[in-house]
Amino acid sequence: MKSWIAFWNILKKDIKNYYLKPPNISWGIIFPLSWTLMQLIRSPGKNVLELLPGLIAMSVLFGTTSMLAVTITFERSGRSFERLLLAPISLSTMVLAKMAGTIVFGIFNAFVPVIFASFFINLSAVKWGALLPAVFLIAITSSLMGLLIAVSAEQVFEAQTFSNFFRFPMLFLCGLFIPISSLPAFLRPVSYCLPLTYGTDILKGAIIGTNTLSPALCFGLLLVFSTILFLICRYNINRKWIL
Amino acid sequence: MEMVRVTNLKKKYGNFTAVDDISFDIKKGEIFGFLGPNGAGKTSTINMIIGLSRPTAGDIAVNGIDVRKQTKKAQAIMGIVADESNLYNEMNGFDNLCFCAALYGIRKEEREPKARQLLEQFRLTDAGNRPYKAYSKGMRRKLTIAAALIHSPRILFLDEPTTGIDVESSRYIRDMIVDLKKQGTTIFLTTHYIEEAQRICDRIAFIANGRIVATGTVPELMESVKHGHTIHFITDEITECLADEVQAHFRGSNVTIRSDRSLVMASEQRIPLLPVMAFFRDKGIEVYEAEELRPSLEDVFVKLTGIESSMLGKEKANTTS
């Protein structure tokens with residue numbers, strides 16, 4: 001019960017202090033909208049439905065990775081993060097609470113292009129049962145990557161730089177813009193090491209039915225990625241922040 | 001019964017030894033001062049005790065709980081005030097206190113009245129709804145201490161609580177520390193200010209270069225430095241040859257004339273007052289005052305650590321700026 005009180009209040013504080021601030025709300029809305037419009041202008045004849053998996057994946061990825069890395073680095077530089085490390089709650093509870101805010105923010109970002117698209121196309125064929133858990137798992141893995149960055153960064157600008165170093169190669173290797181089969185042979189194994197590859201594949205299957213892997217396999221691998229990333233983050237926090 | 005027991009504690013960062021095999025106890029309900037210059041190992045020691053840093057070697061027990069093995073259990077009874085006020089800028093005073101209480105699992109119906117009570121206790125009620133970033137340094141310090149008390153800790157760690165804040169807030173914090181002790185809270189205080197430690201601490205440890213050089217009550221520390229005896233006399237008049245006459249009469253004494261009305265007499269042995277007074281009377285000199293001069297705690301610190309008091313003064317200026 002005590003851990004739950006701490007968890008809930010860390011989540012509430014982060015949402016109120018960081019995610020509900022006007023710059024972040026506007027980022028959460030404008031960024032996915034801009035990407036949607038860019039894609040529509042670039043490929044006028046293209047079906048909006050075909051753009052949706054990429055837009056959702058990008059919105060979640062960009063929303064989550066930088067936010068968690070930046071907020072944690074910001075709290076660490078002001079030393080308020082020490083309060084969380086010194087609180088009588090387990091490191092796992094603290095990490096999950098910090099992640100929860102980012103996951104909520106990532107999911108919110110993901111649905112901006114969906115809502116936008118609903119004005120133009122019929123979304124009744126979308127398999128929501130697959131799409132919703134996929135968005136959730138992409139948000140989790142992306143948040144954990146943001147946390148990995150936060151552990152390594154000392155300053156907010158470092159967190160932002162490291163985030164970009166991760167995100168852009170991922171976008172081009174996960175099969176969103178270029179099918180994995182069209183990538184050079186030496187890059188394909190890298191693609192299959194990225195959680196976003198599997199998230200994108202589920203989204204493609206759920207929205208336009210063009211997945212290349214089994215959804216069950218993708219969900220399983222996303223869960224494995226989430227667990228491994230969580231354990232690495234926990235280990236790194238223990239090693240680097242408790243000196 | 002000890003609230004804190006530190007045994008052979010050591011902390012190394014690469015080849016640098018920040019804390020070198022120190023041991024000490026803090027009794028329940030006492031104010032324990034940890035005095036030393038920057039880089040002496042104070043913060044490294046505190047960080048190991050509170051579980052923010054891992055010892056290279058040694059044991060730490062807080063209220064009988066092994067901090068290395070049961071860190072979170074030990075942290076539940078600690079209140080911690082870091083050397084920097086580190087609350088959340090975006091939140092107001094009241095919300096900051098409520099959030100800190102929630103981290104200790106305190107329910108809303110308990111934490112809100114407690115937060116209000118602490119705001120009142122620290123004279124911050126009017127500022128409770130203002131964002132923390134708008135607080136003055138003194139107010140921030142007080143709110144940070146209030147946040148450390150929100151879960152009624154058994155032991156409070158205060159790292160430089162009065163550094164860089166106004167005189168009134170400093171005085172208030174010192175009074176508050178003494179009140180907390182009266183209520184049974186154990187206090188671990190690190191400070192640069194020797195006079196602050198002397199005024200409020202029950203026992204003090206001097207730390208320099210990662211080692212504890214002395215521990216004891218203020219009188220014990222004073223006594224630990226052999227200083228002989230010195231008496232300052234204020235009289236109606238003093239002639240130039242008086243110093244030689246006194247030294248000749250009282251063998252083993254060393255006399256210095258400070259002004260035309262005062263002289264200082266020092267001796268390894270206790271100085272019996274009556275013969276000295278009789279000597280002055282025979283010379284027709286009236287004695288108005290005789291005061292034994294004792295070394296200050298600062299003198300003791302300088303002698304034991306080899307660190308000049310000017311060095312501490314310099315650090316105070318650096319920390320305050």
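The values are calculated or read from the model by the stated rules, or taken from the named source; none is laboratory data. Quick caveat, the model's predicted, so the values are computed rather than measured. Cβ: placed from backbone, ideal geometry, glycine included. Neighbour counts: every protein chain shown. To get the accessible areas, we keep the full protein, side chains included, count just its heavy atoms, and leave off ligands, DNA and RNA. Shrake-Rupley method; radii C 1.70, N 1.55, O 1.52, S 1.80 Å.
Here B:Arg68 clears all of (1) in contact with a helix residue (DSSP H, G or I) (Cβ under 7 Å, 6 or more places away or on another chain); (2) open to solvent by 60 Å² or more (accessible area, probe 1.4 Å); (3) in contact (Cβ under 8 Å) with a residue 12 or more places away in the chain except the condition numbered (1). Which residue is nearest to A:Ile138 (Cα to Cα), if the candidates are limited to region A:205-218 and must be part of a helix (DSSP H, G or I) and open to solvent by less than 50 Å² (accessible area, probe 1.4 Å)? It comes out as A:Cys218.
For region B:73-97, a residue qualifies if it is surrounded by fewer than 17 Cβ atoms within 10 Å (Cβ to Cβ) and under 20 Å from B:Pro153 (Cβ atoms), and the qualifying residues are B:Lys73, B:Glu84.
The conditions of being within 24 Å of B:Gly36 (Cβ to Cβ), touching a Leu at 6+ places or on another chain (Cβ under 9 Å), among the aromatic types (Phe, Trp, Tyr) and surrounded by 14 or more Cβ atoms within 10 Å (Cβ to Cβ) are met by B:Phe157.
Give B:Lys114, B:Lys108, B:Lys142, B:Lys133 a once-over and let me know the one that is of a type in the set (D, E, K, R), touching a Leu at 6+ places or on another chain (Cβ under 8 Å) and open to solvent by 40 Å² or more (accessible area, probe 1.4 Å). One residue alone meets the criteria, B:Lys114. Are any residues in region B:40-53 in contact (Cβ under 8 Å) with a residue 24 or more places away in the chain and either surrounded by fewer than 17 Cβ atoms within 10 Å (Cβ to Cβ) or facing another protein chain (nearest Cβ under 9 Å) (or both), and if so, which ones? Hits for region B:40-53 are B:Ile50, B:Gly51, B:Ser53. Give the residue, chosen from A:Lys98, A:Lys12, A:Lys16, A:Lys21, that is within 16 Å of A:Ser143 (Cβ to Cβ), within 14 Å of another protein chain (Cβ to nearest Cβ) and basic (Lys, Arg). Residue meeting the stated conditions: A:Lys98.
Of all residues in region B:266-310, those being aliphatic (A, V, I, L, M), open to solvent by 100 Å² or more (accessible area, probe 1.4 Å) and touching a strand residue (DSSP E or B) at 6+ places or on another chain (Cβ under 9 Å) number 0. Number of residues in region A:1-39 that are more than 26 Å from A:Glu75 (Cβ to Cβ) and loosely packed, with under 14 Cβ neighbours inside 10 Å: the value is 3.
Within region B:189-220, the residues that satisfy the criterion of being β-branched (Val, Ile, Thr) and either under 19 Å from B:Phe157 (Cβ atoms) or open to solvent by 50 Å² or more (accessible area, probe 1.4 Å) (or both) are B:Thr190, B:Thr191, B:Ile200, B:Ile204, B:Ile207, B:Ile212, B:Val213, B:Thr215. Evaluated against (1) open to solvent by less than 30 Å² (accessible area, probe 1.4 Å); (2) farther than 21 Å from A:Phe74 by Cα; (3) more than 9 Å from chain A (Cβ to nearest Cβ), B:Asp59 falls short on exactly one condition, (1). Does region A:225-243 contain any residue that is open to solvent by less than 70 Å² (accessible area, probe 1.4 Å) and at positive phi? Scanning region A:225-243, I find no residue that is open to solvent by less than 70 Å² (accessible area, probe 1.4 Å) and at positive phi, so the answer is no. The test for being of a type outside the set (Lys, Arg) and free of Cβ contacts under 8 Å to residues at least 24 places away in the same chain does not hold for B:Ile60. When A:Leu171, A:Leu176, A:Leu196 are checked against the criterion of being within 20 Å of A:Val224 (Cα to Cα) and not hydroxyl-bearing (Ser, Thr, Tyr), a single residue qualifies: A:Leu196.
Checked against (1) surrounded by fewer than 17 Cβ atoms within 10 Å (Cβ to Cβ); (2) touching a residue at least 12 places away in the same chain (Cβ under 8 Å), A:Leu132 meets all criteria but (2). When A:Ser92, A:Ser80 are screened for being open to solvent by less than 40 Å² (accessible area, probe 1.4 Å), free of Cβ contacts under 8 Å to residues at least 40 places away in the same chain and within 14 Å of another protein chain (Cβ to nearest Cβ), only A:Ser80 passes. Within region B:161-172, being in contact with a strand residue (DSSP E or B) (Cβ under 9 Å, 6 or more places away or on another chain) and surrounded by fewer than 22 Cβ atoms within 10 Å (Cβ to Cβ) holds for one residue alone: B:Thr163.
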